[in-house]
Amino acid sequence: MADLLPGNAVIGQSGGPTAVINQSLVGVILGLRAGGVGTPGNPIRKILGMRHGVNGLTKGLFHDLTNLHRDRLEVLARTPSAGLGSTRDKPDQEYCERIFKSCEENSIRYFFYIGGNDSADTCRIVNELANDRGYALRCFHIPKTVDNDLVENDHTPGFPSAARFVAKACMADFLDNISLPGIKINVVMGRHAGFLTAATALARREEGWDRFNDGPQYVYLPEVPFCTDSFLQDIATAYEATGRCHVAVSEGIRDTSGVSIGAKLIDQAQIDPHGNVQLSGSGALGDLLAGLIKKHLAPLGGKPPRVRADTFGYVQRCFPDQARVDSYEARGVGRYAARLALSGELDGSVTIKRISDPSTGQPYAVRFERVDLSTVAAKTRQMPEEFIKGTNDVTQAFMDYAMPLVGELPLYERL
């Protein structure tokens, strides 16, 4: 084992919580313990958990995880949401000074941060300023985001479980829609990337897809400019054919000028420290689309069609149904980060690389790799073109990509 810096390790969780973010936390803890951290004679004496990420770090708010019983850790790993609490704080120079002061006061030499691209950016900022200051701090970013929008990753922990939720939710919702026909719109998370909205297509029956017999019939992604006239024509086509329609729409859909439709609709919208408008806390987009449909499809002088819109919102992030792959890999990236630190790496972001080809039927397989923090930090990955079909659907290539991640889905009978 490489020479280790004497001191303590600290772990934080940042950004939106997920169903498996605690698996990554437990992965780091167990990975460090496997290397002897916290035992007599080991230079790394304690494993500390930041309360609410760097916010708690600056205030000296820690949970000592060094000797937390394995049974409690296993229950924590299966528990959704961020066990340590999360934050969206973005450190500036003054904030970093407080981080370094706390690191010095608490002898912190290893910094593990679990989160998405903004969290990777926080980790990068802390790492670069530590280097500039000459403070020996080894920083590691561990991937997490239901949006699945981290570059360099085939997919990210949190996405498979959230994708499983939206697929099962849309299965049930489509059956509801055919029981009491009408037009149903589901607004799904995804500010810039449509992966999670695309996963609603997994609700379709395996034996083949008939647009007028399976749902969701239309899937609208932020990667494709959203045209209101085309949207209304799509809905009218399905409604005239069957008397019903089931639709999935990303919260991040944008007009032809690239402006977020949802952000334009929300009055006095909250903006986080990273400049992101809060989209999931409002039903404004669903209400707008429902209103347009009622107006467009109402017969002259007649009653408008039955239209309902649901915004899935935060419930899709932490629903307590971990996808098997997600559970395993979320813990795996945490263990891998611990291994990097114990092997002498100075910093880095852990990534997931798929080494099997989804289109060939090869058994699903991935490996974990390290990349530079700057490679991932503050960058956004979008759905590749080969996953997008026209203006309102996904391809079989996406289905082949996503199915191994969400696992087996239930089969339902229809008469």
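The values are calculated or read from the model by the stated rules, or taken from the named source; none is laboratory data. None of these values were measured; they are calculated from a predicted model. Heads up, the Cβs are rebuilt from the backbone with ideal geometry, glycines too, and the neighbour counts pull from every protein chain shown.
Structural remarks
- Test: residue in segment 29-42 that is under 17 Å from D347 (Cα atoms) and in a helix (DSSP H, G or I): yes
- The condition of being basic (K, R) and part of a strand (DSSP E or B) holds for R308.
- When residues of segment 89-142 are limited to those that are within 21 Å of T156 (Cα to Cα) and either free of Cβ contacts under 8 Å to residues at least 60 places away in the same chain or in a helix (DSSP H, G or I) (or both), the one farthest from the chain's Cα centre (by Cα): R124
- Verdict on T58 being of a type in the set (S, T, Y) and assigned to a helix (DSSP H, G or I): yes
- Meets criteria (at pLDDT below 95 and either among the small types (G, A, S) or over 18 Å from the mean Cα position of the chain (by Cα) (or both)) for A82: no
- Verdict on V54 being closer than 18 Å to G332 by Cβ, in contact with a Phe, Trp or Tyr (Cβ under 8 Å, 6 or more places away or on another chain), touching a residue at least 40 places away in the same chain (Cβ under 8 Å) and surrounded by 24 or more Cβ atoms within 10 Å (Cβ to Cβ): no
- Of all residues making up segment 222-255, the number that are of a type in the set (S, T, N, Q) and touching a helix residue (DSSP H, G or I) at 6+ places or on another chain (Cβ under 7 Å): 2
- Selected residue (only one of G275, G301, G291, G281 is surrounded by fewer than 20 Cβ atoms within 10 Å (Cβ to Cβ), more than 30 Å from D121 (Cβ to Cβ) and modelled with pLDDT under 85): G301
- Single residue of G158, G134, G194 found to be more than 25 Å from D255 (Cβ to Cβ) and at pLDDT 95 or above: G158
- Filter result for the condition that a residue is surrounded by fewer than 24 Cβ atoms within 10 Å (Cβ to Cβ), among the acidic types (D, E) and modelled with pLDDT under 90, over D176, D234, D214, D229: D214
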